[in-house]
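Written below as structure tokens is the structure these notes are about.
The values are calculated or read from the model by the stated rules, or taken from the named source; none is laboratory data. Since the structure is predicted, the reported quantities are computational estimates derived from the model, not experimental observations. Don't worry about glycine lacking a Cβ; one is built from the backbone with ideal geometry, like all the others, and counts go over all protein chains shown. Accessible surface is based on the protein model in full, side chains and every heavy atom, while ligands, DNA and RNA are left aside. Shrake-Rupley method; radii C 1.70, N 1.55, O 1.52, S 1.80 Å.
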Amino acid sequence: MRVGLFTDAYYPDINGVVSSVATLKEALEKRGHTVFVISNHKGSDIDFKENILRLPGLELKKFYGYKLSSPIQFKGSDYIRDMNLDIIHVQTEAGIGMFARIMSKSFHIPLVYTYHTMYEDYTHYLNPLDLNLIDEGEKLIIRKFSKYWVNHSLAVIAPSMKTKKKLIDYGAHSPIFVIPTGLDLSHFDRRSLDQDILSSIRPSLNLTEEDHVVTFVGRIAKEKAIDIPIKALKYSKDENLHLVIVGKGTDLEYYQNLVHNLDLESRVHFTGMIDKPMVPYYYSAFDCFVSASVSETQGMTYIEALASGLCVFGRRDEVLDELIDEGITGYYFDDEIELAKKLDEFFAQDKEERISVSNKCIEKTIPYDTDIFARDVLDVYQFAIKQYEKKYTVEKMEDANDFLLVTFSSDGNKELRKLLIPLEDVVDLQLEINSVIHTELFDNYDELQSVYKAYSKVKQHCLQKDCCSFEIQKYCHRYLDLPNEDIDVVVHILEQKLLINDRIYAIDKAQYWQHSGKSINEISRKLRSLHINEDFIQEALSKLDKEKERENVIWFVKHIKTSSNSQSRKMFSQRIIQKCLNAGFSFDDAQYALDQLEFKEDFDEEALEKSIRKAKRLYSNFEEDTKYNKIRMYCIRKGFSVDLIDNKLKEIEDD
């Protein structure tokens, strides 16, 4: 197979993408495939040597010397045509990435895309003032473009399940394959290292064999959250604990100032950039590895550290699920305090006990073998090529409210197929008459047809009545008989289109219910019965008016008073309190409302008279002696005293 790897970064640059591309190139070539790397360089001429095509580029020093190329390369396209590629594999998104997509269309070559970078974690480079509005705008753009890049690829490779989930959240439709980047880990085998060089590393940093040393290897940037391991030294009880930071980056000065302000200059050691062949030594020379970054798509430095036999300390993140067995191959932490505690626990073990887990650490790296990596990527290439051979062509497009009803024809099949496709997807996919889509994408939309039809019906329901997501789920179950997974998709679409929003629903309903006389506790119960997110409930309750709560309980109490007053004042008051509590009002508010009531001085006498009259009607058929006792017990149950009852009965008898 003839493979073109398109990347904006390649040797002599060093970063995760470069390592991945170089590893894949070497592994595919070992399997007998012809591999071309299409990248760029700082210059105005095209350079093509040893199957590496370098197109003209402009260096951006602010971004680690990253080079940007124009996607329009007339001379470059001649080289691509002559390569006679079977597959184009895009590794980056900018100039070379766009050039790759143009070449794919121009020469009808199937395209595979690897999503290497979680760009949402890098927005601070374009937002130095850390303005929330700008940050949200940048992330929205990233989500839109990521969805576009993914859905314009026949197949997508994600280095981890975390990355795949993120792309699906963005709205990805193209098939996504999770393939961890392979690494040639033989260089990290401690036994293959020059022992003289290895033994010189600690002394070069004024460290001894007795010191407890944690190492970080990577780019010195804020998204790496290096401040957490630095601050952990302050919380640690181990005075022999040191941190070695290996690498360079735009935020080096920021972290150096942090170390100075924390008075940790004798315990935090910056090595600066080191040559690639020396990197394995800066793992093996120390006791364990740490990283607090959650911006990784795979976490290659964790794998390198494990291959060196080191325990790794990592901030809780999905990319570490297959790497860290707590207390064996590593330790999780959330902040500097927990990290300090875990480091102290680790170094409380004797050295032999710490070293004993080295083999288990190394075993964790077996799935990242470069040959396995090449094999899995080749399977994706074959999948993409087969998908490319089966195509559907757009014949007709009709408006259908939030969708277009698109008519497709396919090779070898005279029957036309119609699919509903969301308008925004039509725009993203740039669909028009005679556009072509691959089978996998067609099948994805075909599976969603019942969801789209259900959405159209549910949308009408939402426009007629405010609904939360739980009410939509009940509606779909009751009237549309949809399976749970389809209902979840319908709810997700409605949320994306802002037709339902549980947060706004909770706030609006809480306000409405309070103005209708409901207590705050009753409102809380009603929202929970609708399965509203607890954070939304608390926010909605926080916006309610406490004075309105008092008004509501006073109205509630007055309503009770008008409904009955045939009990003693004491019992009537108890009944009011109990009814208020049952309605969700607090005891204090109920007592406050009760205190606002104005009782007549002869309240008990009037109430007792009403009670006696009612009892006489109830027991009118009884003999006098029995009737007298029945009336007496009835009034006692109404809360009146025996003396008051007897006096009243005597008074009535005398009359």
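Taken over region 545-583, the criterion of being surrounded by fewer than 20 Cβ atoms within 10 Å (Cβ to Cβ) and outside any helix (DSSP H, G or I) is satisfied by Asp545, Ser564, Asn565, Ser566, Ala583.
What about His212, is it free of Cβ contacts under 8 Å to residues at least 40 places away in the same chain and buried (at least 19 other Cβ atoms within 10 Å of the Cβ)? So His212 does not fit the description; no.
Within region 447-482, the residues that satisfy the criterion of being of a type in the set (Asp, Glu) and loosely packed, with under 15 Cβ neighbours inside 10 Å are Glu447, Asp466, Asp481. Of all residues in region 319-341, those satisfying the criterion of being free of Cβ contacts under 8 Å to residues at least 12 places away in the same chain and either of a type in the set (Val, Ile, Thr) or open to solvent by less than 80 Å² (accessible area, probe 1.4 Å) (or both) are Gly327, Glu338. Listed conditions (1) of a type in the set (A, V, I, L, M); (2) modelled with pLDDT of 95 or more; (3) under 23 Å from Val319 (Cβ atoms) are all met by Val279, apart from (2).
Of all residues in region 90-102, none satisfies the criterion of being open to solvent by 10 Å² or more (accessible area, probe 1.4 Å), under 13 Å from Gly76 (Cα atoms) and in contact (Cβ under 8 Å) with a residue 60 or more places away in the chain. When Ile433 is tested against the conditions (1) outside any helix (DSSP H, G or I); (2) touching a Leu at 6+ places or on another chain (Cβ under 6 Å), the lone failure is (2).
Only a single criterion out of (1) outside any helix (DSSP H, G or I); (2) surrounded by fewer than 16 Cβ atoms within 10 Å (Cβ to Cβ) is not satisfied by Lys518, namely (2). Being open to solvent by less than 10 Å² (accessible area, probe 1.4 Å) and modelled with pLDDT of 90 or more holds for only one residue in Ser284, Ser295, Ser266, and it is Ser284. Quick check on region 21-35. Is at least one of its residues in contact with an Asp or Glu (Cβ under 8 Å, 6 or more places away or on another chain) and open to solvent by less than 20 Å² (accessible area, probe 1.4 Å)? Yes, that holds for at least one residue.
Restricting the search to strands (runs of 3 or more DSSP E) fully inside region 1-115 and requiring at least 2 residues that are within 24 Å of Asn151 (Cβ to Cβ), under 32 Å from the mean Cα position of the chain (by Cα) and not hydrophobic (A, V, I, L, M, F, W, C) gives 111-114.
For Ile14, the test of being under 24 Å from Ala374 (Cβ atoms), among the aliphatic types (A, V, I, L, M) and at pLDDT below 85 is passed. Checking the stated criteria, Phe373 turns out to be closer than 30 Å to His33 by Cβ, within 30 Å of the chain's Cα centre (by Cα) and modelled with pLDDT of 90 or more.
Across region 342-360, a minimum of one residue is classified as of a type in the set (Lys, Arg), in a helix (DSSP H, G or I), crowded, with 17+ Cβ neighbours inside 10 Å and under 28 Å from the mean Cα position of the chain (by Cα).
Residues considered: Gln449, Gln496, Gln473. Of these, the only one that is under 26 Å from the mean Cα position of the chain (by Cα) and within 15 Å of Phe403 (Cβ to Cβ) is Gln496. Of the candidates Leu494, Leu404, Leu419, Leu499, the single residue that is assigned to a helix (DSSP H, G or I), at pLDDT 90 or above, among the hydrophobic types (A, V, I, L, M, F, W, C) and touching a helix residue (DSSP H, G or I) at 6+ places or on another chain (Cβ under 8 Å) is Leu494. Applying the condition of being modelled with pLDDT under 95 and not in a loop (DSSP other than H, G, I, E, B) to region 215-233 and asking which residue is surrounded by the most Cβ atoms within 10 Å (Cβ to Cβ) yields Lys224. Looking only at residues in region 584-606 that are among the acidic types (Asp, Glu) and within 55 Å of the chain's Cα centre (by Cα), the one that is least open to solvent (accessible area, probe 1.4 Å) is Asp589. In the condition set (1) within 28 Å of Lys162 (Cα to Cα); (2) touching a residue at least 60 places away in the same chain (Cβ under 8 Å); (3) open to solvent by 30 Å² or more (accessible area, probe 1.4 Å); (4) outside any helix (DSSP H, G or I), Lys237 is compliant with all but (1). For Tyr254, the conditions (1) within 22 Å of Thr117 (Cβ to Cβ); (2) assigned to a helix (DSSP H, G or I); (3) in contact (Cβ under 8 Å) with a residue 60 or more places away in the chain; (4) not aliphatic (A, V, I, L, M) are fulfilled apart from (3).
Given the criteria over 22 Å from Glu389 (Cα atoms), among the basic types (Lys, Arg) and in contact with a Phe, Trp or Tyr (Cβ under 9 Å, 6 or more places away or on another chain), does Arg417 qualify? No. Only one of the numbered conditions (1) without any contact (Cβ under 8 Å) to a residue 40 or more places away in the chain; (2) of a type in the set (Val, Ile, Thr); (3) part of a loop (DSSP other than H, G, I, E, B) is violated by Ile537, and that is (3).
The number of residues in region 167-186 that are in a helix (DSSP H, G or I) and touching a Ser or Thr at 6+ places or on another chain (Cβ under 8 Å) comes to 4. Answer with yes or no whether Lys627 is over 30 Å from Arg550 (Cβ atoms), part of a helix (DSSP H, G or I) and either open to solvent by less than 30 Å² (accessible area, probe 1.4 Å) or in contact (Cβ under 8 Å) with a residue 24 or more places away in the chain (or both). In short, no. Just one of the listed residues (Lys248, Lys276, Lys237) is among the basic types (Lys, Arg) and in contact with a helix residue (DSSP H, G or I) (Cβ under 8 Å, 6 or more places away or on another chain), and it is Lys237. Taken together, the residues in region 151-178 that are β-branched (Val, Ile, Thr), at pLDDT 90 or above and open to solvent by 10 Å² or more (accessible area, probe 1.4 Å) amount to 2. Residues that are surrounded by 14 or more Cβ atoms within 10 Å (Cβ to Cβ) and closer than 12 Å to Gln473 by Cβ within region 483-494 comprise Asp486, Ile487, Asp488, Val489, Val490, Val491, His492, Leu494, listed in sequence order. Being free of Cβ contacts under 8 Å to residues at least 40 places away in the same chain and open to solvent by less than 100 Å² (accessible area, probe 1.4 Å) is a property that does not hold for Arg617.
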